[in-house]
Amino acid sequence: MKVFSGSSNKPLAEKVARNLNLKLSELEIHTFPDGEKRIQIKENLVEQDAVLIESTNPPVNLNYMELFLIADTIKGNGAKNLTLVCPYLGYQRQDHVFREGEGVTFKTMVKLIESVGVDKLITFDLHTIKIPEFFKIPVLHLSALPLFAAKIRELSKGIGIASSIDKRQTSNDTGSQTQNVILVSPDMGGIRKVKELSKLLFGVPFAVINKNRDLQTGKIKLTGIEGDVRGKKAIVLDDMISTGKTVAEAAILLRENGAMEVYVFATHAVFSKGAHELLQKSPIEKIYVTDTIDVPKEKYFAKLEVISILDLISKELE
Ligand code: R5P
């Protein structure tokens, strides 16, 4: 098997290759002065299985274009099967027409991914469970939730979560021991994931925030919380953090409503411009993300911790 990496998440690709006792296969990506790219593969791929690891985080259009060019070159060089590991799959937000006249841009991306010869897609924490239905090729939809559940249990000593969760597991306690923790979905769309996480944590209760987004400007407004967070340690779960406004404003609202502390778990650290500063200043104690997207050094901040999806990917490629 040959493993290739695009330029969006080389650190993760290198770790995956190492975990499989392989080296990344040689690939040259040359950018001409006008921005066009030339891709050259320096290995014999005829009848080989190939894997391409490339996330489509910002700069999303450049990373998507690079993905198409590399995938097409891999197939053009005779690879038998191409598995695309795209831990963060961009464009999912536009998965239907919100307002008359709009295009379903995610559908365009799907057509392009399939047209360059990708045979199978492995990806993480999709925006909705309907996303795989867009594809004709098989889609393996993995989740960081088991990693988050393990982290929350491990954290427990520090913030009093694990003890309550363990207690609940062993004695079926539904009383005071568990009442200090609450999972929170920052919008209605996230409830399904929060319920899954709750199951992994033996039924920790959850609340949901009402969030509206202005379709024209993209601005969000949090209007209230369904559930009682008073005196509790709130764990907000989201699929991604882009501007950081959703989780930062959720934390403010939770604290205003009496939550003692707020922690955030989100799979994809998109971190658009200014997000890291906003998150560091927010009333969030700690923010856990994964490495589906490579967080560059300049976007690291004290409250951030990155949990790796490495083992989950390696297991699927072995
Ligand atoms: C929304 O539906 C998503 O689940 C995220 O909550 C959202 O995309 C986060 O964006 P931002 O960080 O810009 O508020």
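Only the coordinates and a few stated rules stand behind these numbers; no lab work does. Computed from a predicted model, the values in this text were never measured in an experiment. A quick note on method: Cβ atoms are made from the backbone with ideal geometry, for glycine too, and the neighbour counts reach across all protein chains shown.
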* Out of the range 1-36, which trypsin sites (Lys or Arg not before Pro) are coil in DSSP terms and have no more than 13 other C-beta atoms within 10 Å? -> 23
* Asked: Once the Cβ-Cβ distance between residue 135 and residue 195 is put in as r, and R0 is 22 Å, what FRET efficiency do you end up with, to the nearest 0.05?
  -> 0.30
* Spin-label point model (7 Å from Cα, Cβ direction): what's the residue 150 to residue 40 distance in nm? -> 4.1 nm
* Does the range 254-318 classify as rounded, prolate or oblate by the C-alpha gyration tensor (a ≥ b ≥ c root eigenvalues; a/c under 1.5 gives rounded; else a/b over b/c gives prolate, otherwise oblate)? -> oblate
* Asked: On full extension of the chain, what length is gained from residue 256 through residue 220, given 0.36 nm per residue of separation minus the C-alpha to C-alpha distance?
  -> 11.2 nm
* Asked: What Kirkwood hydrodynamic radius, in Å, does the range 1-97 give when the mean of 1/r is taken over all pairs of distinct Cα atoms and then inverted?
  -> 13.9 Å
* Gain on full stretching of the segment that runs from residue 107 to residue 80 - 0.36 nm per residue minus C-alpha separation -> 7.2 nm
* Estimated 222 nm signal from helices in the chain, with DSSP H stretches of n ≥ 4 weighted -39500 (n - 2.57), rounded to 500 -> -9500 deg cm²/dmol
* Asked: Which GluC sites (Glu not before Pro) from the range 66-141 combine a DSSP loop assignment with at most 15 other Cβ atoms within 10 Å?
  -> 100, 102
* Two-decimal Rg/Rh across the range 18-73, once Rg and the Kirkwood Rh are taken from alpha-carbon atoms -> 0.99
* Which trypsin sites (Lys or Arg not before Pro) does the range 197-292 hold that lie in a coil by DSSP with at most 13 other beta carbons within 10 Å? -> 219, 230, 273
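If you place +1 on the Cβ of every Lys and Arg, -1 on the Cβ of every Asp and Glu, and leave all else neutral, what size is the dipole of the chain about its Cα centre, to the nearest 20 Debye?
Here the size comes out at about 680 debye.
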* **All-pairs alpha carbon distance profile, the chain, 20 Å steps from 0, percent** => 31, 54, 15, 0
